[in-house]
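Before any comments, here is the structure.
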Amino acid sequence: MVLSIQEMNDGKDSDIYVYMKEVVVGLSVKKAHLSMYKTLIFINSQKVLLAIYNKQKQDSFKVIKSYSTTSAISDSAFVKEHLYLLINNNFKILKLVNQDLLLDYETEILNVKNLLKIATNSLETVALTSSNKVLTFLNVESKRLRQIFVKEDIIITEFLSEFTFATHSTSKINIYYIPNDLQDIQILANLEVNSFPLHFIPFNNELTNAKNEEHFLLFSTSEISVFKFNGATLMCVQNLPLDELVSSTLNTAGTIYFASISGNFYKIQKKELLRISPISSKISLVEKRLPVKSMLLLENEVNMEKSEELQTLILFGDNCDSEIIEITRNTLSSEILLTKKIKTIQNWAPVIDFKLCDLYNEGKDTMFFTSNVSYTNSPINCKGNSRGGAIREVKNGISVKGEVIHNTTGALNFWALGGQSDQLNDSYLAITFPFETRLMILKKTLKFENENFEESGGYHFEDISVKSAIVREQHTLFFGNLTFENDSSDTYLVQVCCQGVYVTCQNSHMSGCYISGKNVVQWISPANTLLLHCSCIKNCLLIISKNLLTGENLLLKLLVRKNINNVFYIDLIQQFSLNEEPSCCNILNSSKNDTALVAVGTYKPSLVLLSLEINDEVNSINILHTEDFPFSFSKNNIGLDIPNSVCFYQEFENGSSKNYIIVGLRDGNLLLFSLNENNIKFIHKIGFGILPVVLIDYKTPNDANINILCFSNRSARIFIKRGRLLLTSLAYPSISLAKPFNLPFGKNSLGIAQHFLAISSENALLNLQINKEKSIDFRMKIIGETPRRILYDHCTGKLIVSTTFKDDGGGCFSEIKIIDPLTGKIIQKECLPKNEVFWDIKKEKRYICIGTFGYRKGVETGMESGKEMGRVLVYNLKQNEKKSVSSTDNTDANSKLKFRRLGEFKCNNSIFSVVSYLNGLISGAQIKMRSDIHSLSTNGDKIIVGSERESISFYTLDPKTKKFEFLASDRQPRYTVDCFSIRDNLAVGSDKDGNFFGFTCKNKSMKDFSTPSKIEKTLENSFLINVGQVVVKIQKGNLVHPNDTFNFDFHEKFLNKDINLGWKDTFINDEALKSVDTDFSSISISRNSSTSNAILYGSTMLGSIFAFVEISKESYKKLIILQGCLMLNSSTRPLFGETKKIPN
């Protein structure tokens, strides 16, 4: 809580108050610990994370707590459920209680800085080293401190036994004797060395009974060495030169694992280290994996019967994904039998750039950001020596997990079908294609083990089309179940094709094994009559047909019956003539008296509501109401705004219910109608997609409410609240159609099967698990090279990504790629000359501007000359309307997009940032800064500059003289990482110390400094928050709804409506622009497309995403009081950061 509210500056009151929340927790781990109760503790530079791992659960790994710090964590140790931390000059001891960290002890040690190692022995003695040649010992039990001065800076430390302690400086190893009272600390031995130390691992206690001998393994920058200490003498026993740096080590029982920065994963058997043989023969390569920053042993299981040992390790990736792996080795020979990855933990650090964009104009954004992936995770062959890169996607929606289970090329529709009538789970799957239909059955997967076939716990589909007796050579309009009383042994399926209706019986053995199927009855449509649509309820079929000769449209009612002699027959009960040609139909609902409502969409366009008596043999179809659509055809969408599907929805509120009808149109829109006493009334229309809308309604076994899924070129779940349609996107790309399939596994906590089968745009049959509630979902699109900058083009709906890679000769290359955000496919790309690198990429109007550095004249012809220069490249991306493509365009002949370079501008320096000013790029004006500029932002006529040593400055441009005018700057010399303009007088920024701050510029022009009181051109401090991490990029948008992002109970009860979520925009209006005598009067001011209640988001190098919102002064005061109350209690007192006084 203490870190969520801004700090006041010099006691001055502020007019801007900011609240912060970490939306996405970065999982970049520097060090990890494991408690005896299997709670994982992760440490990075300014964060402590608590997580749990249980491989028996589906969600086996989960982060449960996150603690941020205001200063960097130097190092940590964990012993006996106590976490030891050194944060700047504060040493803290935290106790782990019920998966929470409570402060147990803290003290300030002034001489401890830049700590590199903490070690703890069985006597609870902690050693603290510093860069100012001071070695500090602390007895945890007695809280006694002892400091001694050493001759060299200590790099790493480690306890060898209860009373011996080893330190390593840049050139010497020292062995200390440490008594329990810390009174007489002595140096027992030392040894000169020539390499820089990295990792210290003692192993003597496990391998030798000699009490006067201690051994340890030292990993340095150039070699691996084995040392022995006999109580008086320290000697190097063996060493092995290394040609790669060791990034991480793990000391387990009997085995030492270590990994290199290139991803090589090695092992050393401890019992081999003391044998007389070269150390090179004792090191074996396990396999090549991801680059590892830290490792942790989760579980160690020994099977004495099989002489096998199973070790579960977690490998924390170095700027790439982390992995949980299982290593099976033989306990007798120490040979590794199997290495298997069981889980991938996404680590999206470092987030160099990100972009927020509203893909579907639904009022909430999707985030795309740059990231690295490991070699083992990347299916794309990376060019040269570069590490694999990816674009990560963060979306607020309904989380969906899917796996491909079957190839269904050309599938148009499918139906989930139940088995025997007393079963709740689905057993059959019918899939229809343009000219054929298949029937499949769900079967348990068997595996051969112990000389027998046993159930593996999995399921698969088996094609039984030939044995099932269904009509296989026709396209199917409808497939469904039929149930009859006193018959639960067999399954009856009804199939409706274009020429008839067919009922089959599927026979199964008592054991559940499928036997065969047989055709029990069929009904063939009259001559010259084509069946178009079908809907079914119980044993009643409602079919729309068309006479090809007369053009008459009929609604047919058929009943499938079975007499006492088990003879089936199909009766045509009624033929009802329709005035308009139907486009779709659906039986909406039924009541206890067997009366159902039927909705029929027509090409007029209109919606016809009918009543249907299900079991009545007389004429029982009657028109209740006809509602013409309240809009006319336009020239551009004739034949598109007609109904494609229709569903019924019931909204429950305050003990009452309201009925609605939802219609999906072929032009991608949705219509909402109210249903009241058999009358329907149009409410409103919303846009959803660009393809025909398909609506799927379903009910779960324990839920009486109707759920509706909606599919077009996107997918979503539909809700109705207070008479308005609400959409929540499914966080899974390329779903063409999905329907519920009740599987006998994978139920949620409520016991409701949430499994669906879906057809993807890639013609694959997917098994989906769709959560009931929405959440933040993550997806990854691997692109091969390392991404640097990312941009979204709203006109084409494509991502523009700049990447870099190295070739085998060490040369650096850059590419710009056009990527489809839905599929992740690379559509087009262009490569820059060798050693020219992208620095920035911006989208202004219809132009894409790219800043580079490293260009040399004549590089295109191979005649490089002169010094390196920067360039601004201007591109145009638009839909390709030409039939033939010029060879000079960087466009694929089959592509629908045209990507062309329009021009370039050369500069003598690097182009770090590119922005537009007054909706255009201006050349000819320049001003020399005292330090490098890292970021630029504009708002109206203001230019905000973030530099390396001058913090943030405000400038404007005189259009007559084309000279920059300085307005004001920060008086503090901050190292600005990024800046962003909120309003024409308000800008925010971030610095390398982890601060997020805002400044207000009250000066409109140079004329404001004419009076003596305004000679000092400084910005006013508006707010300051220490994030705890370096924010590298700032964007404005709405990743999630505010109530979801800041979902705390006290917002409703404590703050009420005082909290004001969102930053307000102000712009220069046209009248103000006309009043300025400028050469740019013909250029209109560009408006900010973000919403007025947008939220600021910041990405960090550790992979975290923070959200910042502006709150009212009253809310700020309440939060300060709440923070003060929490500080009074030790259990709720902030564990990290500086202690603050409670305000009056």
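Summary table below
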quantity	calculated
LEU356 touching a Gly at 6+ places or on another chain (Cβ under 9 Å), open to solvent by 10 Å² or more (accessible area, probe 1.4 Å), at pLDDT 75 or above and not aromatic (Phe, Trp, Tyr)	yes
First in the range 277-293 and farther than 25 Å from THR344 by Cα, second anywhere and assigned to a helix (DSSP H, G or I), Cβ under 7 Å, 6 or more apart	LYS282/GLU272; LYS282/LEU273
Selection within the range 931-941 - over 18 Å from VAL1031 (Cβ atoms) and either part of a loop (DSSP other than H, G, I, E, B) or open to solvent by less than 10 Å² (accessible area, probe 1.4 Å) (or both)	SER931, ASP932, GLY940, ASP941
Residue, most open to solvent (accessible area, probe 1.4 Å), within the range 579-597, restricted to residues that are without any contact (Cβ under 8 Å) to a residue 40 or more places away in the chain and within 47 Å of the chain's Cα centre (by Cα)	LYS592
Criterion: touching an Asp or Glu at 6+ places or on another chain (Cβ under 8 Å), within 19 Å of PHE196 (Cα to Cα) and not β-branched (Val, Ile, Thr) - qualifying residue of SER161, SER171	SER171
First in the range 653-681 and without any contact (Cβ under 8 Å) to a residue 12 or more places away in the chain and under 19 Å from ILE587 (Cβ atoms), second anywhere and open to solvent by 70 Å² or more (accessible area, probe 1.4 Å) and in a strand (DSSP E or B), Cβ under 6 Å, 6 or more apart	none
Only listed residue being open to solvent by less than 50 Å² (accessible area, probe 1.4 Å), under 24 Å from the mean Cα position of the chain (by Cα), under 20 Å from ILE324 (Cα atoms) and among the hydroxyl-bearing types (Ser, Thr, Tyr), chosen from SER35, SER45, SER60, SER68	SER60
Every residue from the range 660-696 that is modelled with pLDDT of 90 or more and either basic (Lys, Arg) or out of contact with any strand residue (DSSP E or B) (no Cβ under 8 Å at 6 or more places or on another chain) (or both)	ARG666
Every residue from the range 194-210 that is open to solvent by 30 Å² or more (accessible area, probe 1.4 Å), at pLDDT 70 or above and either of a type in the set (Val, Ile, Thr) or in a loop (DSSP other than H, G, I, E, B) (or both)	ASN194, PHE196
Filtered residues of the range 867-882 (kept if more than 19 Å from CYS812 (Cβ to Cβ) and either at pLDDT 85 or above or assigned to a strand (DSSP E or B) (or both))	VAL872, VAL874, TYR875, ASN876, LEU877, LYS878, GLN879
Spans of strands (runs of 3 or more DSSP E) in the range 945-985 with at least 2 residues more than 36 Å from the chain's Cα centre (by Cα)	952-958, 963-969
Of all residues in the range 707-746 being open to solvent by 30 Å² or more (accessible area, probe 1.4 Å) and in a loop (DSSP other than H, G, I, E, B), the one that is modelled with the highest pLDDT	ASN713
Single unsatisfied condition, GLU393 versus (1) closer than 23 Å to ASN767 by Cα; (2) modelled with pLDDT under 85; (3) surrounded by 15 or more Cβ atoms within 10 Å (Cβ to Cβ)	(2)
Evaluation of GLU305 against (1) free of Cβ contacts under 8 Å to residues at least 60 places away in the same chain; (2) at negative phi; (3) in contact with a strand residue (DSSP E or B) (Cβ under 9 Å, 6 or more places away or on another chain) (one fails), failing number	(3)
Some residue of the range 306-318 being over 24 Å from the mean Cα position of the chain (by Cα) and open to solvent by 50 Å² or more (accessible area, probe 1.4 Å)	yes
So ALA232, is it in contact (Cβ under 8 Å) with a residue 40 or more places away in the chain, assigned to a loop (DSSP other than H, G, I, E, B) and of a type outside the set (Lys, Arg)	yes
Elements of type strands (runs of 3 or more DSSP E) in the range 809-866, at least 1 residues being modelled with pLDDT of 75 or more and open to solvent by 40 Å² or more (accessible area, probe 1.4 Å)	812-819, 826-831, 847-857
Evaluation of LYS681 against (1) in contact with a Phe, Trp or Tyr (Cβ under 8 Å, 6 or more places away or on another chain); (2) crowded, with 21+ Cβ neighbours inside 10 Å (one fails), failing number	(2)
Filter result for LYS604 (in a loop (DSSP other than H, G, I, E, B) and in contact with a Phe, Trp or Tyr (Cβ under 9 Å, 6 or more places away or on another chain))	yes
Options VAL237, VAL226; residue that is over 29 Å from GLN147 (Cβ atoms), open to solvent by 20 Å² or more (accessible area, probe 1.4 Å) and modelled with pLDDT of 85 or more	VAL237
Selected residue (criterion: nearest to the chain's Cα centre (by Cα)) from residues of the range 245-285 that are of a type in the set (A, V, I, L, M, F, W, C), open to solvent by 30 Å² or more (accessible area, probe 1.4 Å) and modelled with pLDDT of 80 or more	ILE261
Of all residues making up the range 397-433, the number that are polar (S, T, N, Q), modelled with pLDDT under 85 and open to solvent by less than 10 Å² (accessible area, probe 1.4 Å)	1
Test: residue in the range 268-283 that is in a strand (DSSP E or B) and within 28 Å of LEU40 (Cβ to Cβ)	yes
Strands (runs of 3 or more DSSP E) contained in the range 505-578 and holding at least 1 residues crowded, with 17+ Cβ neighbours inside 10 Å, in contact with a His (Cβ under 7 Å, 6 or more places away or on another chain) and not small (Gly, Ala, Ser)	540-547
Condition check for LYS21: without any contact (Cβ under 8 Å) to a residue 24 or more places away in the chain and in a strand (DSSP E or B)	no
Odd one out for SER142, checked against (1) under 20 Å from PHE78 (Cα atoms); (2) part of a strand (DSSP E or B)	(2)
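One line per residue, one yes/no per condition, for (1) assigned to a loop (DSSP other than H, G, I, E, B); (2) closer than 27 Å to LEU290 by Cβ; (3) of a type in the set (Lys, Arg):
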residue: GLU158; (1), (2), (3): no, yes, no
residue: PHE165; (1), (2), (3): no, no, no
residue: HIS168; (1), (2), (3): no, no, no
residue: ILE175; (1), (2), (3): no, no, no
residue: LEU188; (1), (2), (3): no, no, no
residue: ASN212; (1), (2), (3): yes, no, no
residue: LYS228; (1), (2), (3): no, no, yes
residue: THR249; (1), (2), (3): no, yes, no
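The values are calculated or read from the model by the stated rules, or taken from the named source; none is laboratory data. Here the structure is a predicted model, which is why all the values come from computation and not from measurement. In this analysis, Cβ positions are derived from the backbone assuming ideal geometry, glycine residues included, and neighbour counts consider all displayed protein chains. Quick note on the areas: whole protein, heavy atoms, side chains included, nothing else; ligands and nucleic acids left out. Shrake-Rupley method; radii C 1.70, N 1.55, O 1.52, S 1.80 Å.
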